[in-house]
Each structure stands twice: as C-alpha cells, then as structure tokens.
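**Student:** Right, I'll just put the structure down here and ask away after.
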Amino acid sequence: MLFKACKTDQLKPGEALRLEAEPPIALYRLSDGYYATQDTCTHAQASLAAGDVDLEECTVECPYHGSIFDIRSGHALSPPASRPLRTFPVKIIDGEVFIEID
Ligand code: FES
C-alpha cells in the first residue's frame with residue numbers, strides 16, 4: 001500500500017521526518033531526492049529521524065550510540081548496530097511523497 005508522507009517542499013535536503021506508519025518510517029531528503037528506512041535503529045530503540053544526516057555520505061547517525069547507516073541501502077556502517085535497516089521505495093505523485101509499504 002502507499003502511505004502518504006508529506007508534500008515535497010516540506011523537507012529540505014539533509015532533513016528527516018518520522019512517519020507514524022506500521023512500522024514507523026524515517027523519510028529523508030538527500031541531494032538527489034527522497035529515501036525511506038525503518039525509523040527504529042536496529043541496535044536499540046532510537047528514532048533515526050532524530051539523527052544527523054550527512055548529505056555527502058548519504059548516511060544517518062543514530063542519536064543514541066552513534067551507529068552510522070547508509071540511507072540508500074540501509075547497511076550498518078559502524079557499530080554497535082550490525083543489522084541493516086529495512087528500506088522502502090518512495091514515490092512522488094503530484095507534489096506529494098508516498099512510501100510503498102507491503
Ligand atoms: S540505538 Fe542506535 S546505535 Fe544504539
């Protein structure tokens with residue numbers, strides 16, 4: 001199903017938004033568009049939408065213990081997290097951002 005997230009102008013590059021979907025999703029705007037991952041860190045319970053986004057590396061840093069994840073692939077790049085994040089396809093339709101959740 002398609003989950004309606006926000007309008008395309010709601011996020012600036014480098015910003016992220018937590019979406020109360022099932023599961024909660026973090027929507028990020030990078031320089032080349034929008035990406036979505038599960039919002040909850042794979043190490044503990046941090047919300048990654050509250051983490052720091054690095055626009056050059058396309059990564060997010062977990063606000064609890066500092067693990068870094070590749071936003072586009074979901075891969076965990078540094079400990080203590082080791083498991084990847086689930087990623088979700090993003091669609092833009094008429095100026096609105098949608099996440100595809102199966
Ligand atoms: S909760 Fe994210 S690294 Fe610990």
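**Student:** Among the residues of the stretch 1-39, write down those that are farther than 20 Å from ILE93 by Cα, within 16 Å of the ligand (Cβ to nearest atom) and either touching a Leu at 6+ places or on another chain (Cβ under 7 Å) or in contact (Cβ under 8 Å) with a residue 60 or more places away in the chain (or both).
**Tutor:** PRO23, GLN38, ASP39
**Student:** Continuing with this model, one more query. Tally up the residues in the stretch 29-43 that are part of a loop (DSSP other than H, G, I, E, B) and either touching a Gly at 6+ places or on another chain (Cβ under 7 Å) or open to solvent by less than 30 Å² (accessible area, probe 1.4 Å) (or both), please.
**Tutor:** So the first thing to find is which residues in the stretch 29-43 are part of a loop (DSSP other than H, G, I, E, B), and the list is 31-32, 39, 41-43.
Checking which are either touching a Gly at 6+ places or on another chain (Cβ under 7 Å) or open to solvent by less than 30 Å² (accessible area, probe 1.4 Å) (or both) leaves us with 39, 41-42.
The qualifying residues number 3.
**Student:** Could you please find all residues in the stretch 63-73 being in contact (Cβ under 8 Å) with a residue 24 or more places away in the chain and surrounded by 18 or more Cβ atoms within 10 Å (Cβ to Cβ)?
**Tutor:** Answer for the stretch 63-73, where residues must be in contact (Cβ under 8 Å) with a residue 24 or more places away in the chain and surrounded by 18 or more Cβ atoms within 10 Å (Cβ to Cβ): SER67, PHE69, ILE71.
**Student:** In addition: What are the residues in the stretch 85-102 that are in a loop (DSSP other than H, G, I, E, B) and over 14 Å from ALA26 (Cβ atoms), if any?
**Tutor:** Just the residues of the stretch 85-102 that are in a loop (DSSP other than H, G, I, E, B), to begin with: 85-86, 89, 94-95, 101-102.
Hits for the stretch 85-102 are PRO89, ASP94, GLY95, ASP102.
**Student:** Sticking with this structure for a sec: Which number in (1) part of a strand (DSSP E or B); (2) touching a helix residue (DSSP H, G or I) at 6+ places or on another chain (Cβ under 6 Å) marks the one condition that PRO63 misses?
**Tutor:** Every listed condition holds for PRO63 apart from (1).
**Student:** Considering only residues that are more than 9 Å from the ligand (Cβ to nearest atom) and not small (Gly, Ala, Ser), which ones fall in the stretch 40-60?
**Tutor:** Residues satisfying the conditions are ASP52, VAL53, ASP54, LEU55, GLU56, GLU57, CYS58, THR59, VAL60.
**Student:** Pick out the one residue from ALA5, ALA46, ALA16, ALA26 that is in contact with a His (Cβ under 9 Å, 6 or more places away or on another chain) and open to solvent by less than 70 Å² (accessible area, probe 1.4 Å).
**Tutor:** The unique qualifying residue is ALA46.
**Student:** Going through the stretch 61-75 one residue at a time, which ones are within 10 Å of the ligand (Cβ to nearest atom) and closer than 26 Å to LEU2 by Cα? Steps first, please.
**Tutor:** Looking only at the stretch 61-75, we keep the residues that are within 10 Å of the ligand (Cβ to nearest atom), and these are 61-69.
Listed by number, the list holds a single entry, PHE69.
The values are calculated or read from the model by the stated rules, or taken from the named source; none is laboratory data. These numbers were taken from a predicted model, which means no experiment stands behind them. No Cβ is skipped: glycine too gets one built from the backbone with ideal geometry, and neighbour counts run over all protein chains shown. Ligands, DNA and RNA are excluded from the accessible area calculation, which covers all protein heavy atoms including side chains. Shrake-Rupley method; radii C 1.70, N 1.55, O 1.52, S 1.80 Å.
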